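The values are calculated or read from the model by the stated rules, or taken from the named source; none is laboratory data. Given the structure is predicted, the values throughout are model-derived calculations rather than measurements. Backbone-built Cβ (ideal geometry, glycine too); neighbour counts: all protein chains shown.
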Amino acid sequence: MFHERIKSATTTDHQNAEKHSYGEEIMSRTLTKDQYGHLLIANYRYIKPWEDQWSETTFDTTALQLDMRKKTSLLEDDMRSLGIDPNTIETTQLEASTSYAEFMGRMYVIEGSTMGGAVIVKQLGLNPNLEGLSFKFYGGYGPDLLNNWRSFLGVLNTIENKTDQDIAIESAKATFNAMKECFIQAKTAQV
């Protein structure tokens with residue numbers, strides 16, 4: 001299955017991005033409000049322009065059910081709960097995906113992060129520093145999380161051509177790297 005190949009091929013890239021996303025602070029429940037704001041800003045910087053591009057794709061994404069996968073409004077709600085105005089956040093300049101395989105590589109990273117969000121949201125909810133804040137983004141799909149992930153993997157695994165798989169893998173690697181840069185840059189943001 002292709003999802004196993006892309007996961008294996010991008011493990012190091014995934015780990016490099018995670019190093020900059022306050023993982024230790026999240027798991028030890030010591031994440032501060034400012035650090036939480038940095039995480040939201042980092043995700044917003046990439047996800048907003050990414051989702052804005054969806055309406056401009058020239059290939060068929062119907063099977064992905066993109067409308068149910070949108071996360072921008074969740075990020076905006078969470079940022080507002082911290083007093084951050086999403087309109088003040090500078091987003092990443094993303095080149096549009098030129099192929100379905102490239103699109104799916106990006107989608108793999110973002111959908112995978114939603115799976116990780118299920119672990120993160122539990123820790124955020126137990127963190128006394130974050131009491132009273134909104135965790136809609138990390139709560140992702142709620143009870144539909146596993147079904148949405150399986151549905152996504154079903155579509156991802158239809159990429160069978162090795163050349164297309166290679167394109168998707170390179171796209172996923174580039175996305176992990178771009179997210180890493182978003183995390184690094186967001187740490188300097190005023191929250």
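Scanning the range 22-47 for residues being modelled with pLDDT under 95 and touching a Phe, Trp or Tyr at 6+ places or on another chain (Cβ under 7 Å) gives a total of 0.
Selection over the range 26-56 of residues that are closer than 20 Å to Val121 by Cα, more than 18 Å from the chain's Cα centre (by Cα) and assigned to a helix (DSSP H, G or I) gives a count of 3. Pairs meeting the criteria (first residue in the range 63-89 and touching a residue at least 40 places away in the same chain (Cβ under 8 Å), second residue of a type in the set (Ser, Thr, Tyr) and part of a helix (DSSP H, G or I), beta carbons under 6 Å, at least 6 apart or on different chains) are Leu75/Tyr44; Ile89/Tyr44. Has the range 136-147 got any residue that is closer than 28 Å to Asp34 by Cβ, among the basic types (Lys, Arg) and free of Cβ contacts under 8 Å to residues at least 24 places away in the same chain? No: zero hits.
Looking across the range 135-161 at every residue that is small (Gly, Ala, Ser) and buried (at least 16 other Cβ atoms within 10 Å of the Cβ), the one that is nearest to Ser99 (Cα to Cα) is identified as Ser151. Find the residue count for the range 93-115, including only residues that are outside any helix (DSSP H, G or I), farther than 23 Å from Thr11 by Cβ and among the hydroxyl-bearing types (Ser, Thr, Tyr). Qualifying residue count, the range 93-115: 2. Of all residues in the range 71-88, which are surrounded by 13 or more Cβ atoms within 10 Å (Cβ to Cβ), among the β-branched types (Val, Ile, Thr) and either assigned to a helix (DSSP H, G or I) or touching a Ser or Thr at 6+ places or on another chain (Cβ under 6 Å) (or both)? Across the range 71-88, the qualifying residue is only Thr72.
Every listed requirement among (1) part of a helix (DSSP H, G or I); (2) in contact (Cβ under 8 Å) with a residue 12 or more places away in the chain; (3) not polar (S, T, N, Q) is met by Phe59 save one, (1).
Flag: Glu90 matches the condition of being within 16 Å of Thr188 (Cβ to Cβ) and modelled with pLDDT under 95. Given the criteria under 27 Å from Ala9 (Cβ atoms) and either under 17 Å from the mean Cα position of the chain (by Cα) or in a helix (DSSP H, G or I) (or both), does Met68 qualify? It is false that Met68 is under 27 Å from Ala9 (Cβ atoms) and either under 17 Å from the mean Cα position of the chain (by Cα) or in a helix (DSSP H, G or I) (or both).
The set of residues from the range 115-132 being surrounded by fewer than 21 Cβ atoms within 10 Å (Cβ to Cβ) and free of Cβ contacts under 8 Å to residues at least 60 places away in the same chain comprises Met115, Gly116, Ala118, Val119, Val121, Lys122, Gly125, Glu131, Gly132.
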